Each structure stands twice: as C-alpha cells, then as structure tokens.
Amino acid sequence: MKRLIAPFLAVLALAGPALAVLPSEQLSNPKLEARARKIGAELRCLVCQNETIDESEAPLAGDLRVLLRQRLLAGDSDQQAIAYIVARYGHFVLLKPPFEADTLILWLGPFLVLVLGGLGVAAMTRTRATPDMQPPPSLTPEEEAALARRLEADRVS
Amino acid sequence: MRRLIFLAPLLLLAVVVAGFALGLRRDPSLLPSTLIGKPLPRFSLPPVDPKAPGLATADMIGGGPRLLNVFGSWCVSCRYEHPVLMALKSQGVAIDGLDWRDTRADATRFLAAEGNPYERIGDDEAGHAVIDLGVAAAPETFVVDRQGRVRYKQVGPITPEVWTATIAPLMARLKSE
Amino acid sequence: MIAEIGQLALILALCLAVVQAASLLIGAWRLDRALMSMGRTAAVLQAAFIAIAFAALGTAYVTSDFSIALVAEHSNSAQPLLYRIGATWGSHEGSMILWVFILAVYGAAIALAGGSLRESLKARVLAVQGVVGAAFLGFLLLTSNPFLRLTPAPFDGAELNPVLQDPGLVFHPPVLYLGYVGLSIAFSFGVAALIEGRVDANWARWVRPWVLAAWIFLTIGITMGSVWSYYTLGWGGWWFWDPVENASLMPWLLATALLHSCLVLEKRGALISWTILLSILAFSMSMVGTFLVRSGVLTSVHAFAVDPKRGVYILAMIAVMTGLALGLFAWRAPRFRTGALFTAVSKEYAITLNNLFLAAATATVFLGTFYPVFVDALHGDKISVGPPYFNATFAPIFMLLFVLVSVGPMLNWKRDSLAPLLARLAWPALAALVAVLGAILIFGIGHVMAALGFALGAWLIVGAGAVLARRWRPAERGGVWGRIHATPLAIFGLALAHAGLGVTTLGITAMAGWQSNAVIAMTPGQSLTLAGKSVTLNGLRGIEGPNYEAAQARFAIDTLAGPRVLISERRFYPDSQTTTTEAGINVGVLGNVYISIGDRAANGGLVVRLWNHPLVNFIWGGAFMMAFGGMVSLADRRLRVAVVKRARTPVPVPAPLEPATA
C-alpha cells in the first residue's frame, strides 16, 4: 500500500504549479498577504516531499495556508504564527533548520571547512615559500645543459 | 602528522558510511508527534449521523485508554485498516473516530458498507481539530490514556503486527496505571 | 526469448568484467603483455555484451513485450514511441543498465585508444574500471534484474508516469549518466596511479580530456534537468535544493575542482595529492548520488521506488570501493614528492584556493542534504533542511569563489606580484563598479544585494574578456590578428566558460530580485497586467490527446515583439489517474512570461497563475556557454591525447602525438 501512495502523492505534488495559493485563499490586506507568502515559502508541505505549502497542491498544504492566514488575521506576529504551526507539527515543518546544539555542525560546518582548509593551505604555502626566491647566479652553458637534463629526468618521477 | 592528514578522508568515509547504515533502518517519511505526553487538544465536534452523539475531548477522558482514529471515506489506507479496527472492536477495544474532509453522506455510506468500529464519531468539517492534533495524512491513530494524555501516535494504518508489537502492550500498561 | 538473451548477456558481461580486472592487475604486476592484451579484449567484449542486453531491453519496450515485468510497469501500447524508448531508462533497473553500459563503453574506449599511455598504467586503469563494472553488474543481477518475467503477462501495461512523458526527460538521464559515469575514468586513473606509485605529467595529460568530457556532459545534463523542471513541472522554478538535484551538483563541483587541479598537475607538477584525492571523491559522489536515489534513505520527488535492500548493497559498494581507494591513498600518497614550489601570489595558489572553495561548497551541499539522515539515525529527531539553509551557506561561499574566478587566469605561474595583478584586473573591476552603481541608481538602494549580483556578473564577463585581451595586446610585431590566430583553443574555452558563469550569475540575480507573480480567477475576455505586460484570457475548451484529456486555455499577450498566443493545459491521464499542468511560456531574451492554469475557482472562473521571469534564460544560456567552452577546450589539439567519440560500438581513433608545449 505504501508503495502506491508515495508515488501517487509525489505525482500529485509534481502536478502543481509553483504557487498553489488559490485566489479564494488570499487575504485582502496586501501587507498581511505578503507576510503570509513569505512565511509560506519557509514552511514545508508534509505530505509532498520538498515543496513549500505555497507550492503544494495537496489538501493539507491548503489547510495550512488557510490556518496561517487565520493566525495572521488574529494578530499573531510572524514568529508566533510559525510557533503555532511548529507546536503542532514539529520542527520538520521548517525549511530552515533551527540553530541549536543539534544543528551546530550543520550551520557551522561549511565555514569551519573553509577556515580549517584555509589554514591548511596557508601552512602549506609557508613551508613551500623558500627564503631564497631571488634569481640564482648565472650558470655556465655546460651547467645550464646539465641542469636542463636533470630537470627533464626529474619531471618524470 | 602528515600521515594523519592523509588518513582523514578514510576516517570521514567511515563516519559517513556508518551514518548512512543507521539511516537505512529509519523511515524518513515517519514524523514523530509533538503531542506525546501532552493532553489531548480541546475539540467538540458534531456527529456524522445526526441521531448519534458527537465527539468532544471530555468524552475521551476517564474510563481507560482509548484509541482516536482519524479517517475518511476517500482514504485508501483507511479501507485497508478498517477490518483491523472492526476486529479490535469485537475484542472490546474502545475506539473513537474523527472523520476528516468528508461529507456526511459519504461517511455514512462508508460506515454502513464496511461496519462501524467507533463508539463515537466527530465530524471535523472545519478541519481545525486535525490541525491541532498535527495530523498530516489519514489514517492516523492516537492512544489516549485515562487522564486524556496522548501516549502514542500511529502514522499509517494499524496492522495486526503493529497492534501486537506496539499498541496492545502499551494499552495493557495504561490500563493498570 | 529476448529477455533470456539479455539476461545471459549481462551474466557474460559480469564474467568478462571479472576476467578483465584480474588479468589486467596480474598482467600489469608481472608486465605480461599477453595478459594485458587479454584484459583489453575483455573490456571491449564486456561493452559489446552489455550493448546486447541494453538493446534487448529497448526492443522489449518498443515492441511492448508485457511478459517482462519492467515493461508492464512502465509502458503501455498507447504510449508514443519516443516514450517507449525513454521508458527503457525511466525505471530503477533500466537506469542501472544504462549506467553499466556507459561504464563499459568508457572502459572500452580507453582499451581501444592508442597513443602514449604507458601500457602498465592503462592496464591498471582498465582493471579498476573492471572492478567497478563487476560491482555494478553484480548489483544489477542480484537486486535489480531488468529481465524478470511477469506471468501471466498482462494484456496491457501501466503507462509511464505522465510527468516523465516529455522529450527533454528522454534525453536527460543518458546525458547526465555520461557525466556521472564518466567520472569513473578519473577514479580508475587515480587508483591506478596509487597502485603504480607514480603520478606524472603523462598521467595528468591523459586524465584531463576524460574529466573534461564528463564535466561537459554533467553540465549539460544538470542544465537540462533545470530547464525541464521549469517548463514541465509547472513550478516556474529552476532549482529546489532537492536531494536528487544536490546529488548531481556534488559530483559537478568536485569535477570542476578536479579539472583545474589536473591543469596545475600537468603544467607544473604540483597539487599531486589533491588531484588524486579529487579523482577518487568525484566518482564516489556519483555513487553516493545513486545511493540516495535508490535506497529510500531520503525521500524526494525524484527518487525511484525505494528499496532498503538495494540501499544496503550500494552502501557496501561505496564502503568497499571508496574505502579501498582512500586506504590506498592514505598509504601511498604521502610518498609522492611534494610538487613544484609556488608563492602565495601565483596561479597555482589561486587554483588551490579554488579547490578549497569548491570543496567547502561540496561539503555544504553534502551537509545540507544528509544532515536529516544523521540526526534521524542518532536521535530519531526529524529536521528538514531546505532552500533557506543553502541560501545562507552555499551562496556566500560561491560568491567569494566567483571573485576568485576572474583573478586566477590573470595570474602567472609560480611567482607573480600583487601590483601588476591589480593592474590587469582594472577593467573587470571598473565594470563591476559601474554595474553596482548603475543598478543602485536605476533600481534604488533597496536592491543592494541584487546590485552586487550584477557586479559579480560584470566582473566575470569582463574578466573573461580581459584574459583574451591580455593575450591579444600586440606587444610585438604580427599584429592583433596574428595573436588571435595563435591563441590556443583552450584559452577561448576558458573565456567562454568563465563568461558563461557570469551570464548565469546575471540571470540568477535578476530572478532573485525581480521575479513577480499574480494569482486570480479569470473568465474569458478578462485581462490581467503584470510587470507592464497585459494578458487576456481568450478562450477555454476541452481537447483530447493520445493518452489524456485536457482543459485548454488560450491567452493573448502583448510583448515587445508583438502580440503572441500562449496556451496552458490542465491534463488528466485516465490510465494512471494523474493530473498535470502544461504551462504556457513566452520566451524572450529579457525574460519569460509564464502562465499556468489551475482548476475552476469557487466563483466559476478559471484559476490563472501568471509569472514574470526576468532574464531567466540567462541562467541556462550561461550554463550552456560553460559547456560549450568546455567543448572548445576539448578540441584543443594539445589536450587531445586520444579522444574517442562515444558511439554505439566503440571506434578506435589513432592519437596524434604532439610534443608537450607546456
């Protein structure tokens, strides 16, 4: 049964345009509607993977869009409206993962890689930079030829 | 020191593979409920059949652990689950129903054809109760103890295996509380 | 009969792969030419047999042989021919056959390529390729057999998911796989080098064209996917940070890093360990991507039907193959001599930084994609990571990288100084300044981020031009035309690719800053204005297609190029009971108008969704420029050690041996 439901729901989701918000759902107050759209873009539709509630045509998404607008009309701030939904559906409904102990590696990881890697690269360059990067004293033609031969052989190590 | 740096990718791979291996045993689509251990949200719903009583939170408190089953006549998995619920009713398990996104006619027809395992049914026309319960899809079933607290949420149909392995032992424990 | 032939062919191919690996490993070790020759023959034969199996499956689809379970599940007699062919790789099993087919063809191409590749190195490369091939063939035969019969055979099959019935989707997987699987050659080269214990310019010169070819295919494949989702899925979006999209992005990022790293290795003999590591990791990311899509560890709209058993097998493959490769790396790579010296202001250093940024970007995408899995495995907690995370982490890293992109080509090898470098960057810097000031003046201070985006785009495009200008400045006799003529194709390729990046940046910036939409219920005759363009609903009627019925709406739109008609449909496929939306798109250089209809609204009108997408075509145009730049580079004779055009049966091409003009 599960095998059938998931692809069925997935196609339902795929069938929807990027904005499943219906004209009848929209609030008449453009400021509130804009807030609802902004928040809607950050809430995940729970039945269709990887769509926001604004994008999904699933009935649950429609219910959540209406609920969100009701909360905004009731005077909730953005944070309060989101908290209302999270209290019922859990953190999974947020597309932006919360910043807490659990998700430290997630949020800090990328920059940690950059910083640690940068330090590594800097260290590597320092060991490479030889102190005598000045032009060497000129060589005799025989020394030059010998050097060229040596370098050629060295390149194929 | 240099050797350690060269070993790092392999160590990282080990961590990642271990993580994936553990992750394979999980089902990413199963969402945990935020209500576990908390009181059942307040609702008071009209009945599906006008001659029968509706369902309110108060009806579910006291008298022993009960099941609250969210269903709809349109829901394929619910039909799959229905015979199990009928069997549970005949064993004396107390089940209440919450009809979701259904017309009264469709729900009545469904129950007349498949049988009615519910002591009481609430018609969630407005859709608020299911949102307060954090329901994402049907069927979902809540195990409510005698104080009216949610102790477990079953996402998807209750199969005989799920009943024997998880829900029946839980209900037995709750009965003795 | 066909199914049995296909099955047998696959089994034979598996045996050949094992023979290939064994004979070549032993042959290279003992320098036994007969064994090595046998191994090369095995590689070619393996490709031939998989070709037979692939053709068998394709024939079964085209002739609608429903006694094969796969055909019955993904095709039916009403399905147009193109989609019957496309269904061959539209399923998990079919796509795996495509995978092993391309893997074997790449191997055969190396086997048949002549030229200056050391015989022992070639042998070891093919041996590793054989091991990979054997692993995937084993996976195919043990868990995903495409030739399983269905008895009794149904009268008709289930049609291919209607959303997949699109020409773009037929070609998207093969192109993408040519990229993914092409990275296996780099993997094989890397591991072979570790086994041999030496990495030299010859190795780098051989690997680069193959990585470039795989990179080109991957770029085109990812872009095709983006274009397809834009116009087919009716989302009007072009990237969603969906796990499967990320699965294609990660190999691409590493392949880009590998490409540049190979350049340094070839020209200067530096960054040896980096290059080997990248060659191992790039293909490992391809395998991780395969794991993601087929194991059920993450759900995604793109995923095939999931099966944890297959997931276990693929994970085991990754653990063993990547594990052995990285183990070899830990053991042998420290012995490689450190490469040539370079200072902090040099092209090598810039490319090292480039690698660092790309690795950090890859790590970001990896973290964002798989963190939910790890958290779930450890805590049972479910969190989700969506676009807001990637916008906060990936975007800044990439914007920093883009600044570097125009700096790198302007640096000299080994040793350069800051002042001349800044002088060379004067024009790109000026262009960026003009862009940011101009954008703020025209659009206002509120659009500062977008202005910066335009500045980056200008920096990249003018920077690419500056690379060419630097070469063409007539410093000696011969004149400009002579210098243009003498410019290697690879430099033109560089300029095209980096400029393409700039063009894409302009598109992304415009879409992020100025996209707009409207949703209303319309009745015929009604008009709607968005972003200065007027759209009128002219008519609504029902139509019938080959396997669907639809409600079709016709719109008239006034564009700069004159009045146009846009058609949007809402289709219902009775066989699979699914509904899809076909969007009407007016394509223009400065942007698209995108219309998508829904169902009837409560008041009886038709729900119409209208978008304005400024410069959206720049996003894909720039990406195709990048791929084209890659192709131009590939055509450079200095790079072409032995390029074999991918054909149904591999054709040997003698390699022109050019003396190294580094």
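Values in this text are rule-based calculations from the coordinates and carry no lab data. Quick caveat: nothing in here was measured; it's all calculated off a predicted structure. Neighbour counts run over all protein chains shown; Cβ positions are idealised from the backbone, glycine included.
Counting only other chain Cβ atoms within 10 Å of each residue's Cβ, the peptide A:91-101 averages 5. For the peptide B:6-12, the mean number of other protein chain Cβ atoms found within 10 angstrom of a residue's Cβ is 6. Each label was represented as a point 7 Å from its Cα along the Cα-to-Cβ direction; for A:Gln70 and C:Leu378 these points are 3.8 nm apart. Taking the protein assembly as shown, the Cys residues with no second Cys beta-carbon under 4.7 angstrom are A:Cys45, A:Cys48, C:Cys15, C:Cys262. Applying 1/(1 + (r/R0)^6) with R0 = 51 Å to the Cβ-Cβ distance of B:Glu125 and C:Asp32, what FRET efficiency is obtained, to the nearest 0.05? Step by step, r from the Cβ atoms, then E = 0.05.
A simple charge model with +1 on the Cβ of Lys and Arg, -1 on the Cβ of Asp and Glu and nothing else charged puts the dipole of the protein assembly as shown at about 2760 debye relative to its Cα centre. Label-to-label distance for C:Thr63 and C:Leu404 is 5.6 nm, based on points extended 7 Å past Cα in the beta-carbon direction.
Among beta bridges identified by DSSP and lying wholly in segment B:29-175, the antiparallel ones come to about 60 percent. When the C-alpha to C-alpha distance is required to be over 27 Å, the pairs from A:Lys31/B:Lys153; B:Lys89/B:Lys175; C:Lys122/C:Lys414 that qualify are A:Lys31/B:Lys153; C:Lys122/C:Lys414. Using a Förster distance of 41 angstrom, determine the FRET efficiency expected from the C-beta separation of C:Ala419 and A:Lys38, and round it to 0.05. That gives a FRET efficiency of 0.30. Could you please state, rounded to a whole Å, how far the C-alpha centre of segment C:355-410 is from the C-alpha centre of segment A:24-59? Taking the Cα centre of segment A:24-59 as reference, the centre of segment C:355-410 is 26 Å away.
Label positions at C:Val565 and C:Ala531, each projected 7 Å from the Cα along the C-beta direction, are separated by 2.4 nm. The lysines whose alpha-carbon is closer than 16 Å to the alpha-carbon of A:Lys38, local same-chain residues fewer than 8 away aside, are A:Lys96.
For segment B:26-91, applying the loop criterion from DSSP together with a ceiling of 16 other beta carbons within 10 Å to the chymotrypsin sites (Phe, Trp or Tyr not before Pro) yields B:Trp74. Working from Cα pairs under 8 Å separated by at least six residues, relative contact order for chain C is 13 percent. Antiparallel beta bridges, as assigned by DSSP with both residues in the protein assembly as shown, represent about 90 percent of the total such bridges.
Here the residues C:Ile314, C:Ile491, C:Ile484, ranked from fewest to most Cβ neighbours within 10 Å of their Cβ, fall in the order C:Ile484, C:Ile491, C:Ile314.
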